[in-house]
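> Below you'll find the structure I mean.
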Amino acid sequence: EPEVTQTPSHQVTQMGQEVILRCVPISNHLYFYWYRQILGQKVEFLVSFYNNEISEKSEIFDDQFSVERPDGSNFTLKIRSTKLEDSAMYFCASSTGDGETQYFGPGTRLLVL
Amino acid sequence: AQRVTQPEKLLSVFKGAPVELKCNYSYSGSPELFWYVQYSRQRLQLLLRHISRESIKGFTADLNKGETSFHLKKPFAQEEDSAMYYCALNRVNSGNTPLVFGKGTRLSVIA
């Protein structure tokens, strides 16, 4: 059964550094999402992406964040200048269509020191 | 704004006992409700969604619009049900909409 994959599984970075989190959605899916979960807190929506553009973004998704689909398979989340409070588990998800089931990747645990 | 509330952070039951994980939501429009489960060291995976009205692994959930609830139930808990359970809401017919999650309930089934 096809799955969403994410790399790396863990990343440690220094405050102020740029990080890129990578996701490979399920191949026939057209809708892509990033969520994050700070330790002990709820899963929070960051951004949704369809047809090569952002559909919706949350207040968390400020100018430090960007998303890109550089090719036909990858979907990336870039954090330009990481802050301590960016430390979290970042989940990518994809779905076939609007309102359809979202399938989640295993997550990338980001630690900003 | 949409909100999902799961009042119990941790629920411990004995094997064979009934389980009910509570979920209440707040949304003025027409919602779609989901239960996701996360077993130890695994990804979030869909357990069930209200429109399918299925029973998955013995779990059921009924959407009660009057009480704005979507409680997850199972008549007889099994040890393998121990996991983190998240209730989530999606807006219906509103484009590429995100899921709004509750904080989750950790279910521990004791042998």
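> Among the residues of the stretch B:70-90, are any in contact (Cβ under 8 Å) with a residue 60 or more places away in the chain, charged (D, E, K, R) and out of contact with any Cys (no Cβ under 6 Å at 6 or more places or on another chain)?
Yes; the residues of the stretch B:70-90 include at least one that is in contact (Cβ under 8 Å) with a residue 60 or more places away in the chain, charged (D, E, K, R) and out of contact with any Cys (no Cβ under 6 Å at 6 or more places or on another chain).
> Please find, among A:T101, A:T82, the residue that is more than 14 Å from chain B (Cβ to nearest Cβ) and outside any strand (DSSP E or B).
A:T82
> Can you work out which of the residues in the stretch A:6-31 that are hydroxyl-bearing (S, T, Y) and surrounded by fewer than 16 Cβ atoms within 10 Å (Cβ to Cβ) is nearest to B:L44 (Cα to Cα)?
Filtering the stretch A:6-31 for residues that are hydroxyl-bearing (S, T, Y) and surrounded by fewer than 16 Cβ atoms within 10 Å (Cβ to Cβ), the one nearest to B:L44 (Cα to Cα) comes out as A:S9.
> I'd like to verify a number: residues in the stretch B:1-47 that are farther than 14 Å from B:L99 by Cα, part of a strand (DSSP E or B), in contact with a Ser or Thr (Cβ under 9 Å, 6 or more places away or on another chain) and open to solvent by less than 30 Å² (accessible area, probe 1.4 Å), how many?
Result for the stretch B:1-47: 2.
> Quick one: in the stretch B:82-99, which of the residues that are out of contact with any Gly (no Cβ under 8 Å at 6 or more places or on another chain) and more than 7 Å from chain A (Cβ to nearest Cβ) is most open to solvent (accessible area, probe 1.4 Å)?
Filtering the stretch B:82-99 for residues that are out of contact with any Gly (no Cβ under 8 Å at 6 or more places or on another chain) and more than 7 Å from chain A (Cβ to nearest Cβ), the one most open to solvent (accessible area, probe 1.4 Å) comes out as B:S82.
> Out of the stretch A:75-91, which residues are in contact with a strand residue (DSSP E or B) (Cβ under 6 Å, 6 or more places away or on another chain) and surrounded by 12 or more Cβ atoms within 10 Å (Cβ to Cβ)?
Those that are in contact with a strand residue (DSSP E or B) (Cβ under 6 Å, 6 or more places away or on another chain) and surrounded by 12 or more Cβ atoms within 10 Å (Cβ to Cβ): A:F75, A:T76, A:L77, A:K78, A:I79, A:T82, A:D86, A:S87, A:A88, A:M89, A:Y90, A:F91.
> Still on this model: State whether the residues of the stretch A:53-60 include one that is farther than 20 Å from B:Q38 by Cα, touching a strand residue (DSSP E or B) at 6+ places or on another chain (Cβ under 8 Å) and assigned to a loop (DSSP other than H, G, I, E, B).
Among the residues of the stretch A:53-60, at least one is farther than 20 Å from B:Q38 by Cα, touching a strand residue (DSSP E or B) at 6+ places or on another chain (Cβ under 8 Å) and assigned to a loop (DSSP other than H, G, I, E, B), which makes the answer yes.
> Then there is this: Check B:A111 against each of (1) of a type outside the set (K, R); (2) away from chain A (no Cβ under 13 Å); (3) open to solvent by 60 Å² or more (accessible area, probe 1.4 Å); (4) under 28 Å from A:L30 (Cα atoms) and name the one condition it does not meet.
Result: B:A111 fails condition (4) only.
> If I ask for residues that are open to solvent by less than 10 Å² (accessible area, probe 1.4 Å) and not aromatic (F, W, Y), which ones from the stretch A:98-111 would you list?
A:Q102, A:G105, A:G107, A:T108, A:L110, listed by residue number.
The values are calculated or read from the model by the stated rules, or taken from the named source; none is laboratory data. This is a predicted model, so every value here is computed, not measured. Glycine gets a Cβ as well: all are built from the backbone with ideal geometry, and neighbour counts include every protein chain shown. The protein model used for the area step is the full one, side chains on, heavy atoms only, and it has no ligands, DNA or RNA in it. Shrake-Rupley method; radii C 1.70, N 1.55, O 1.52, S 1.80 Å.
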